[in-house]
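Scroll down for the structure; my scribbles are underneath it.
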Amino acid sequence: MLRPFSPQVRAAPSGAAAIGVLLLLACGSGSCRSTTSSGDPAARDTAQHDVVIAVAWPWERRTQIHYGEGLDLAVEEENAGGGLEGRRIRVVRYDDGESIDEGRLVAERIAATPGVAAVIGHLQSYVTLPAASIYERAGLVLLAPVATDPALTSSGYRHVFRVTLSVTDIGRHLADTAARFGFRRIAIHYSRTDYGRDLSNAFETRAAELGLAVPVRQSYDASDSIDEPAIRSAMRQWADVGVDAVFLAGEPPTAANMLVLIRQAGVRLPLLAGDAMSSPEVLDLAGPAAEGIVVASFFHPDEPRPEVKAFTRAFRQRYGMTPDVGSALGYDAVRLIAHAVRESGSTAPAAIAAALHATRDWQGVTGAFTFDERGETVNKRLIEVKVRGGHFVFLDQRPVAATVGP
């Protein structure tokens, strides 16, 4: 039997309780909603009612990612199996607008409301980091499904967990990938953001350890518009120094639009990119220019693991479409929380956090989960996918020929 916790308002950051009450009154405006019940979407959990999971995400801005479908599928499967000791799981969605300020308000709203078992969120690291401090001070568990900033797990938090890998691990993995492909001289082109700098730094550090050369490293402004003269100058340098591949450390839409300019200029060098470029948005924005790019990812429906096959089959049957990486990460986040509740026998956030810290080799769709004392995933797997025929295709990790172009 699940041990309930007292549905009282948690200790929130200074001023958060008052703000939370005011925002709850405005919740009907669409900034938050429940996916399984009607009425007040922020109605809280009690010992006899639903196990509530708050999910913060830029729902209105990011409609191309099928993240919500993955969450909902996990909830439906858990509830169809009897829920958690007979209690149904209910997801309440909050829209953070992909904004730091709105993300803080959403976090304060959630922290000031009783009965939430855990939070899944947000999309961007720059939104997740300030929100994480609010959840931590409130004693509320946060599973960050996408945020890769190393700072997330370096503050001594006991209630914050990363579902993916840090950008440092991703950059190092991609340098290993470059070596496996046989590349020896690689140009780095990175966005002047925390993500771009951290990813490119990790890649370059690992490349040096492997004996790979980075003869040229350039940056670009991560705005919606592309500085065409600057990127054309960069492409000339690639030719001048004789690189055999380019590592693109950026995010859509800018990095996706850059692919178009690179291919229009006739550059046929193999391109590698980070996990942010595994989004379906890249295919929509870059079109044929994305052909041949190899990116790191946490999921592909053709990966021959039993967990992947079962999830993909269920997702296609439920929604009539193929899941993407966001679907898989959302699905795993819900199932991890359910696992922790079962292991602890409680919906108290402290008990859930303790169970997550004790998790060892739990098999999810995106790989095996083991959390260390910081809430960081340990030895989490990454795969590579390649754009071919307008779709991401799975690449196995055996040694391959040096060319990975279209």
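The values are calculated or read from the model by the stated rules, or taken from the named source; none is laboratory data. These figures come from a predicted structure and were not determined experimentally. Note: ideal-geometry Cβ built from the backbone for every residue, glycine included; neighbour counts use all protein chains shown.
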Q | In region 239-260, the residues that are over 17 Å from S191 (Cβ atoms) and in a helix (DSSP H, G or I) | A | A239, D240, V241
Q.
Let me confirm something: among E307, E384, which residue is in contact (Cβ under 8 Å) with a residue 12 or more places away in the chain, of a type outside the set (A, V, I, L, M, F, W, C) and part of a strand (DSSP E or B)?
A. E384
Q | Residues located in region 169-186, provided they are in a strand (DSSP E or B) and either surrounded by fewer than 24 Cβ atoms within 10 Å (Cβ to Cβ) or aromatic (F, W, Y) (or both) | A | R185
Q.
Restricting to region 334-353, give me the number of residues that are without any contact (Cβ under 8 Å) to a residue 24 or more places away in the chain, surrounded by fewer than 17 Cβ atoms within 10 Å (Cβ to Cβ) and in contact with a strand residue (DSSP E or B) (Cβ under 9 Å, 6 or more places away or on another chain).
A. 0
Q. With respect to A179, is the statement that it is assigned by TED's automatic domain parsing to the domain that holds L248, without any contact (Cβ under 8 Å) to a residue 60 or more places away in the chain and within 26 Å of S200 (Cβ to Cβ) true?
A. yes
Q. Among (1) in contact with a strand residue (DSSP E or B) (Cβ under 8 Å, 6 or more places away or on another chain); (2) not in a loop (DSSP other than H, G, I, E, B), which single condition is D302 missing?
A. (2)
Q: Quick one: which residue in A144, A138 is in the same structural domain as Y67 (by TED's automatic domain parsing), under 18 Å from V106 (Cα atoms) and either among the β-branched types (V, I, T) or touching a strand residue (DSSP E or B) at 6+ places or on another chain (Cβ under 6 Å) (or both)?
A: A144
Q. Looking at (1) more than 15 Å from A273 (Cα to Cα); (2) out of contact with any Pro (no Cβ under 8 Å at 6 or more places or on another chain); (3) touching a residue at least 12 places away in the same chain (Cβ under 8 Å), which is the one condition that is false for E204?
A. (1)
Q) Picking from T193, T177, T164, T205, which residue would you name as being closer than 30 Å to A350 by Cβ and not hydrophobic (A, V, I, L, M, F, W, C)? A) T164
Q. Restricting the search to region 159-168, which residues are outside any helix (DSSP H, G or I) and hydrophobic (A, V, I, L, M, F, W, C)?
A. V160, F161, V163, L165
(Q) For region 214-233, check the following and say yes or no: at least one residue is more than 22 Å from A290 (Cα to Cα), in a helix (DSSP H, G or I) and of a type in the set (D, E). (A) no
Q) For region 318-326, does any single residue satisfy the condition of being surrounded by fewer than 23 Cβ atoms within 10 Å (Cβ to Cβ), without any contact (Cβ under 8 Å) to a residue 24 or more places away in the chain and not in a loop (DSSP other than H, G, I, E, B)? A) no
Q) Within region 81-104, how many residues are touching a residue at least 24 places away in the same chain (Cβ under 8 Å) and out of contact with any Asp or Glu (no Cβ under 8 Å at 6 or more places or on another chain)? A) 9
Q: For residues that are more than 21 Å from F299 (Cβ to Cβ) and without any contact (Cβ under 8 Å) to a residue 24 or more places away in the chain, scanning just region 358-376, find the one that is nearest to the chain's Cα centre (by Cα).
A: D372
Q. Could you list, in sequence order, the residues of region 187-202 that are buried (at least 18 other Cβ atoms within 10 Å of the Cβ), in contact with a helix residue (DSSP H, G or I) (Cβ under 8 Å, 6 or more places away or on another chain), in a helix (DSSP H, G or I) and not charged (D, E, K, R)?
A. Y195, L199, S200, A202
